[in-house]
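A short worksheet on the structure shown next.
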Amino acid sequence: MKNYLIITIACCLFFVSCDDIPDEVINSNSSSYSIAAIQTINSFTFSEDDSSFVASIELNNSELINQVWMDVVSKDGSEKIIENSLMTDDGNIENTGDQVAGDGFYSGIITLSREISSGQYEIQYFIRDNFNDTDNNVRKAAVQTFTYDNGQTKYAPVIANLNMPDTIAIGVNFVFTVDASDQNGLEDIDEVYFDAFRPDNSTLGRILMNDNGDTNFGDQIAGDGIYSFRNSFAETAQTGTWRFEFQAKE
């Protein structure tokens, strides 16, 4: 005779703000030019009077630099907001926000609209040098993360449409899914997870669900807002009524 687990489900919402992430320098060529500093913001809030800010990167041995530009992408890489935006060291405040020509600071203006979702974004800095051959003279020089608030009302994420069997046999694989949505955009959702409680009310702890398109975790399509979990109960699992509490976090 098979043993069965009877499952009851409780859903709730959880909201947490994202913390700032410090700057990180990558792929610098210290034997020729190097990055001395990055000057920009850690967070930015859109308003009708203020929709732009300046990002600057200071380079040593700038005589070795041919060109500097930047991209702005969502933290998970799913959306590119700005691409190939030129940064200059020519003192042209109006066009690029650069203050002083020839001081080693390359600057560019980033303009964000209210239509861009609130969330975390990366400024990716690229450098083309003038001493390597053309097949090896471009490097991603640095990445800096900032938090963007589009000035719209912040909404907590919503969990709906739980798809889960109410009875599961020991040793049988199962998949369950939930839909997660956010009026500020899917990019505003940091993670979706659940807490599992055994029949004796002890807990397995927090378990993350996936929206990465990896079928090994039961997910079919990456980034569609459907979070999935795939697992099976071992022979040693307690039989009886288990409780699952689902939460989403910004």
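Here are the numbers:
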quantity: Checking Gly223 against (1) small (Gly, Ala, Ser); (2) assigned to a loop (DSSP other than H, G, I, E, B); (3) touching a strand residue (DSSP E or B) at 6+ places or on another chain (Cβ under 8 Å), the condition it does not meet; calculated: (3)
quantity: Scan of the stretch 74-95 for residues that are surrounded by 18 or more Cβ atoms within 10 Å (Cβ to Cβ), among the β-branched types (Val, Ile, Thr) and more than 24 Å from the chain's Cα centre (by Cα), ordered by number; calculated: Thr88
quantity: Subset of the stretch 151-206 that is within 25 Å of the chain's Cα centre (by Cα) and of a type in the set (Gly, Ala, Ser) - its residue that is farthest from Phe246 (Cα to Cα); calculated: Gly151
quantity: Number of the condition not met by Asp90 [criteria: (1) farther than 18 Å from Lys140 by Cβ; (2) assigned to a strand (DSSP E or B); (3) touching a helix residue (DSSP H, G or I) at 6+ places or on another chain (Cβ under 8 Å)]; calculated: (2)
quantity: Test for Asn212: is it open to solvent by 50 Å² or more (accessible area, probe 1.4 Å), under 30 Å from Asn150 (Cβ atoms), part of a loop (DSSP other than H, G, I, E, B) and at pLDDT 90 or above; calculated: yes
quantity: Test: residue in the stretch 121-140 that is farther than 30 Å from Asn60 by Cβ and assigned to a strand (DSSP E or B); calculated: no
quantity: Index of the failed condition, Thr153 passing every other in (1) within 30 Å of Glu48 (Cα to Cα); (2) surrounded by 14 or more Cβ atoms within 10 Å (Cβ to Cβ); calculated: (2)
quantity: Within the stretch 215-239, considering residues that are of a type in the set (A, V, I, L, M) and in contact with a Gly (Cβ under 7 Å, 6 or more places away or on another chain), the one most open to solvent (accessible area, probe 1.4 Å); calculated: Ile221
quantity: Members of the stretch 129-145 that are charged (D, E, K, R) and in contact (Cβ under 8 Å) with a residue 24 or more places away in the chain; calculated: Asp129, Arg139, Lys140
quantity: Within the stretch 47-62, considering residues that are over 16 Å from Ser107 (Cα atoms) and outside any strand (DSSP E or B), the one least open to solvent (accessible area, probe 1.4 Å); calculated: Ser51
quantity: The listed residue being out of contact with any helix residue (DSSP H, G or I) (no Cβ under 9 Å at 6 or more places or on another chain), open to solvent by less than 50 Å² (accessible area, probe 1.4 Å) and farther than 30 Å from Tyr33 by Cβ, out of Ser118, Ser113; calculated: Ser113
quantity: Test: residue in the stretch 176-198 that is acidic (Asp, Glu), out of contact with any Gly (no Cβ under 6 Å at 6 or more places or on another chain), open to solvent by less than 40 Å² (accessible area, probe 1.4 Å) and not in a strand (DSSP E or B); calculated: yes
quantity: Condition met for Asp98 (open to solvent by less than 40 Å² (accessible area, probe 1.4 Å) and in contact with an Asp or Glu (Cβ under 8 Å, 6 or more places away or on another chain)); calculated: yes
quantity: Residue satisfying all of: in the stretch 226-250; assigned to a strand (DSSP E or B), out of contact with any helix residue (DSSP H, G or I) (no Cβ under 9 Å at 6 or more places or on another chain) and among the small types (Gly, Ala, Ser); farthest from Gln120 (Cα to Cα) among these; calculated: Gly240
quantity: Filter result for the condition that a residue is more than 28 Å from Ser181 (Cβ to Cβ) and open to solvent by less than 30 Å² (accessible area, probe 1.4 Å), over Gln67, Gln124; calculated: Gln124
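The values are calculated or read from the model by the stated rules, or taken from the named source; none is laboratory data. Note that this is a predicted model, so its numbers are computed, not measured. Methodologically, a virtual Cβ is constructed for each residue, glycine included, from the backbone with ideal geometry; neighbour enumeration extends over all protein chains shown. Just so you know, the surface numbers come from the protein's heavy atoms only, side chains and all, with ligands and any DNA or RNA stripped out. Shrake-Rupley method; radii C 1.70, N 1.55, O 1.52, S 1.80 Å.
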